[in-house]
Each structure stands twice: as C-alpha cells, then as structure tokens.
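Read the structure below first, then the notes.
The values are calculated or read from the model by the stated rules, or taken from the named source; none is laboratory data. Computed from a predicted model, the values in this text were never measured in an experiment. Cβ: placed from backbone, ideal geometry, glycine included. Neighbour counts: every protein chain shown. Just the protein is used for accessible areas: all its heavy atoms, side chains included, with ligands, DNA and RNA removed. Shrake-Rupley method; radii C 1.70, N 1.55, O 1.52, S 1.80 Å.
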Amino acid sequence: MAETLTTTDRFPLKDADMCVQCGLCLPHCPTYRKTGDENESPRGRIALMRAMIRNELPLTPRLESHLDRCLTCRNCEAACPAQVPYGRLVDGARAVVSANRHATWGRRILWRWAVDGLLMRPDRLGRLGRLLRGYQQSGLQSIVRGSGLLRWLGLAAVEAQLPVIPKLKHYAAVYPAKQEARGEVALFLGCIARTLDQPTIHAAIRILNKLGYSVHVPPGQNCCGAIHQHAGDVPGARRLIVQNLQAFTPTGDMPVITLASGCGAMLLEYGQHVPTREATDFGLRVDDFGAFIEDHHAALFEDSATFGDGVAVHEPCSLRNVMRSAKKTHRLLCRISDTKVDTLSNHANCCGAAGIYFLTQPAMSEQLRDDTVQAIQDSGCRTVVTSNIGCALHLAAGITSRHLDVEVVHPAILIDRVLRLEG
Ligand code: SF4
Ligand code: SF4
C-alpha cells in the first residue's frame with residue numbers, strides 16, 4: 001500500500017477545487033500543445049495533484065514527471081475564466097513532492113553545490129564569473145568546445161548558454177542622478193545576472209540616472225528565491241525572501257526595479273510566500289524596468305532617435321502572465337524607434353528556458369526553443385529584445401546553433417545605445 005504523504009498542508013486544496021474542468025486553458029499550455037496528453041495539461045495536472053494530496057493516487061515517478069514537465073509559465077492561469085491560481089498549486093504540489101520523495105544523489109549534489117552553494121553566494125558567483133572570463137579570453141573555450149569534453153561531462157547545454165563576459169565591475173551602493181532629481185529607486189540585481197549580465201545592469205543605471213533617478217543597490221541582496229520556490233524547496237525560498245526584505249528595508253518605499261522578469265515575478269509575490277505585511281508591501285513596490293519607464297517617463301523619449309530596422313520583442317512568460325507588463329516594453333520601444341518594432345509570431349508561447357527547466361527537461365525545452373527561434377528567423381529581425389536573462393541566454397544559444405546573425409539584448413541595452421550614454 002502507498003505511504004500516506006506528509007506536509008500536504010503545503011498544498012492549497014481549496015484553490016484546486018476552483019477548477020471547473022472547462023478545458024479553456026488547454027490550448028494555451030505549451031506541453032499539452034506538444035504532446036496532446038491530458039496529463040501534460042493544466043486541467044490534467046490539477047486533477048493529478050488533487051488525487052495525490054487526497055491519497056487517491058500514489059506518488060509515483062510517472063506522476064512526478066507530469067508535474068516536473070510543467071514549465072510554470074502560467075499561460076493557463078492567465079487564460080482561466082475561473083481564476084484558478086495555478087502557479088500556487090504547482091508550487092504547493094512540488095513542495096509536497098519534495099518533502100516526500102527520496103532524492104537521488106545526483107539531485108542532492110546538484111542542489112547542494114549548484115543551487116545552494118552558488119546561486120545563494122554572490123561572492124562565489126563573482127569569482128566564478130572571473131574564472132569564466134579567463135576561460136573565454138584565453139582561448140580555452142574553443143579548445144574545450146571542440147574536444148567533446150563538455151558533452152562527456154553533461155555540461156554542453158549549460159556552457160552553450162554562456163554569454164561573452166566583460167571585465168566585471170563592483171557595484172556601488174548608490175549611483176546619483178545626473179539630471180535634475182526626480183526621485184530614487186532601488187535596483188534588484190539577481191543572482192546569475194549580477195555576474196553574467198553586467199552590461200544590462202549598468203545600461204539601466206545610466207538610463208535611470210539620466211532620467212533623474214538616483215539608483216540604490218542594496219549590498220545585502222541575494223537570489224530572488226524563484227528557483228527554490230518552483231522546485232518545492234520552501235525553506236530555501238523563505239531564507240532568501242527574508243534576506244532580501246532585510247536588505248531592501250533601508251530603501252524605504254522606493255520603487256524596486258527589476259531587469260529580469262523571472263525575478264520580478266517572484267519578488268512581486270513575496271507576500272504569498274511569507275505572509276507578512278512587510279512582504280506584501282515589498283511586492284507592491286516591484287516594477288519591471290521597461291514598464292517603469294513607459295509608465296512614468298515615456299514622453300521623454302518622443303522622437304529620440306532610431307535603432308534601425310529589424311527589432312522584434314520577445315515576451316517572457318513571467319512578464320506577460322505574472323508582472324502583466326509585456327505590452328509596455330513593446331509600446332516603449334515603438335515610441336523610441338522611427339521604424340517598426342515587431343512582436344514575434346509565437347509571442348504567447350514559452351521559449352523553454354523556464355528557470356532550470358532547460359537543464360532538467362532538455363528535450364521539451366529544445367522543442368519549445370526551436371519554435372521561438374523559427375519565429376525569430378521568420379520575422380527577419382536582426383535584434384531580439386527580451387526582459388528576462390534566462391530567456392535571453394536560452395534563445396541566444398538556439399540562435400547560435402542555427403548560425404543566425406541575430407543579437408539578443410535587454411531593452412535597457414537598446415535604449416542606452418539610442419541615447420549614447422556609455423562614456
Ligand atoms: S484551470 Fe481554469 S481554464 Fe483550466 S480547466 Fe480548470 S477552470 Fe478551466
Ligand atoms: S504553467 Fe504552463 S506548462 Fe504548466 S500547466 Fe500551465 S500552461 Fe501548462
């Protein structure tokens with residue numbers, strides 16, 4: 001007989017009961033569209049979760065795999081007329097699975113070293129960034145890539161996503177406004193992005209300074225906790241949330257600007273994960289960089305300049321379905337450019353990056369990326385703009401593998417170029 005599951009109180013059964021099984025979410029689900037399998041659909045997964053929590057179905061590897069293949073893209077949530085909070089359900093189910101599953105050694109090592117030992121340690125990420133820069137600059141990268149060693153070590157997919165790492169700079173605590181002062185903002189750096197995406201972070205700081213904002217970079221901030229939360233590691237996510245709340249306390253009620261919508265979506269919902277007034281208030285301060293500029297300062301860019309032909313906007317799921325700001329980036333870029341800015345034909349689909357999904361579910365991830373890269377190729381664009389570093393790295397690797405001459409950048413990079421702010 002199957003063992004009774006523990007910690008089922010982590011699953012919001014009442015929310016699952018809101019599902020009326022209408023199936024309207026099915027055509028919006030990337031994994032259902034690919035497989036046609038009800039178990040790979042939001043409705044099917046909700047039924048599986050509910051049965052698991054009620055001990056009507058045992059927790060088997062097969063059931064787990066249906067949950068694991070969910071991208072947490074939340075397309076279903078945005079499409080659901082009954083407003084079923086699917087993100088909360090799948091996070092809750094994964095927390096139960098994680099507490100009841102006997103983790104393999106491989107999984108434990110990956111979690112202990114790569115996630116806890118690296119993502120939660122900005123100092124180590126900085127050292128790793130410098131090592132990787134040396135690896136790229138010395139020419140070792142092309143030798144290693146050609147040797148087949150990466151494939152043998154199982155690191156080819158993650159290494160293929162490495163961007164060119166510039167000389168790393170330390171962050172100041174405050175970057176003062178360059179114009180007449182309009183206000184102050186706090187900047188969230190993220191874990192991977194603080195090392196691998198420094199050009200975007202510094203471009204955003206220059207733009208905000210130019211607009212009259214002093215930019216505060218709280219030194220004690222850490223990873224947002226999304227990877228932990230979506231993998232069911234609730235204690236790990238809470239530790240990070242508490243640390244970030246403390247780090248941002250000195251910034252009062254300043255807007256918290258994010259440059260990666262995956263992080264922004266998590267920060268926005270801190271109040272759901274740590275039910276305190278402080279966490280809820282913090283979530284209300286969070287804004288995406290492009291949305292913040294479009295909402296408050298778009299007029300400043302009227303007739304600014306042009307960034308030429310062939311720009312297409314990619315909509316990260318976290319920006320579209322959770323931050324609900326995807327259209328604002330497009331509007332902002334249309335305002336700045338005197339040429340047409342496209343939206344990709346499959347803009348409502350997930351590109352398959354989804355946190356560490358590209359590592360844990362490589363086959364499905366690659367299929368979804370292929371669709372987006374095909375849409376990029378069909379659009380004929382030369383530049384793809386996306387507001388999430390995970391999507392950017394994943395798409396850039398797919399573009400490189402097809403030998404396309406297309407650059408993937410954050411909107412801050414494009415705007416920085418238009419304004420010619422880099423000195
Ligand atoms: S999740 Fe929403 S859209 Fe999907 S089947 Fe349930 S009620 Fe219908
Ligand atoms: S979150 Fe995305 S992949 Fe998961 S069930 Fe919903 S639509 Fe499908």
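Figures for the structure shown
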read-out	value
Projected label distance in nm at residue 56 and residue 377, using a 7 Å step from Cα toward the beta-carbon	4.5 nm
Cysteines without a disulfide-compatible neighbour (Cβ-Cβ under 4.7 Å), the chain	19, 22, 29, 70, 80, 334, 351, 381, 391
Candidate lysines - alpha carbon under 22 Å from residue 178, same-chain residues fewer than 8 apart omitted	169, 210
Gained length - residue 83 relative to residue 14, 0.36 nm times residue gap less alpha-carbon distance	23.6 nm
Candidate lysines for bridging to residue 328, where Cα separation is under 18 Å - those fewer than 8 sequence places away on the same chain excluded	340
Region 180-190 - phi-based ³J(HN,Hα) in whole Hz, Karplus 6.51/-1.76/1.60, Gly and Pro as x	3, 5, 10, x, 10, 10, 10, 10, 9, 8, x
Sites residue 417 and residue 158, calculated FRET efficiency, Cβ-Cβ separation with R0 25 Å, nearest 0.05	0.30
Computed lengthening from residue 127 to residue 339, 0.36 nm per intervening residue step minus Cα-Cα distance	72.2 nm
Probe 1.4 Å, all protein chains present, accessible-area order of 248, 358, largest first	358, 248
Solvent exposure, largest accessible area first (probe 1.4 Å, DNA, RNA and ligands not counted), of 113, 152	152, 113
Burial order of peptide ranges 85-93, 250-258, 411-419, 337-345 (average beta-carbon count within 10 Å, highest first)	85-93, 411-419, 250-258, 337-345
Dipole magnitude of the chain, debye to nearest 20 (Cβ charges: Lys/Arg +1, Asp/Glu -1, about Cα centre)	960 debye
Most to least packed among 369-378, 9-18, 392-401, 167-176 [average Cβ atoms within 10 Å]	392-401, 369-378, 9-18, 167-176
Under 20 Å from the residue 331 label point (7 Å along Cα→beta-carbon), backbone N, region 376-395	385-388
Stretchable slack from residue 402 to residue 180, in nm (0.36 nm times residue separation minus alpha-carbon distance)	75.3 nm
Relative contact order %, the chain, counting alpha carbon pairs below 8 Å whose residues are six or more apart	14 percent
Zone of residue 284's modelled label, taken as backbone nitrogen in region 241-268 under 15 Å from a point 7 Å along Cα→Cβ	252-256, 268
